[in-house]
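Here's the structure, in structure tokens; my notes come after.
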Amino acid sequence: MRIRFRQGSILLLCIWAFAFDARTSLAGTVPTRIHKVQNKETAFSIAKKHGLDWRLLLEWNGKKESDGLHTGEVLRLPPDPSKRLGRSSAGTESTAKQSQPRFGKPLGKLPPIALPFSTTSHYPNKGILFKVGRHKEVRPVTEGKVVMVDRMEGYRKYIILEHRGGFSSVYANLRSVAVKEGDVVGRNSSMGELESGRGLYLQINQGSKALDPMSVIVR
């Protein structure tokens, strides 16, 4: 099933549904978390308690906003990325403070940015869109596992990678793809080529938080 997203929120739910499911990956197996609905609890209050987006909670359980919750109902919670390496949340936060993640360039030379990362409420953009450049070969920003290869209207073919430490990355506007789901790709691996006349869309997430790619890419 394909879901259409407006530009700026591309694939965010796809990343959650695939990069953080309970399968074995580079970082290990993720334990399943659940929550039993108590009297008067809502999706919003439960999501807030667990530090989640309420819409993500409903999506994870295949529910619509109009469905409502019932006392005693058991909900599945998205896995906590901090548990993937067998660390506590506090340990993960401490490590994150000590070292800012640094990733490589997804293209041989980065062209100018057509649409920047943005957290503004009126026009959010969870990644960046590069202008059309001379380099078309797309490489991973760091070693990772291919968790999804698909195609979406408006973004051509796209790839989602899962990385160590709870990171994930998205590459869209591809004409051809040279990898398949389950592949582990190295930093210098060629994953495919961009569609002619289209720039690369890149998104980098740490857990459920979208990062500004230009703040973590070594240039």
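Observations
- Within the accessible surface of segment 165-213, defined with a 1.4 Å probe on protein heavy atoms only, the carbon and sulfur portion equals 41 percent.
- Ranked by how many other beta carbons lie within 10 Å on average, peptides 138-147, 205-214 from highest: 138-147, 205-214
The values are calculated or read from the model by the stated rules, or taken from the named source; none is laboratory data. All values reported here derive from a predicted model rather than from experimental measurement. Methodologically, a virtual Cβ is constructed for each residue, glycine included, from the backbone with ideal geometry; neighbour enumeration extends over all protein chains shown. For the accessible areas, the whole protein counts, side chains as well, though only heavy atoms, and no ligand, DNA or RNA atoms are used. Shrake-Rupley method; radii C 1.70, N 1.55, O 1.52, S 1.80 Å.
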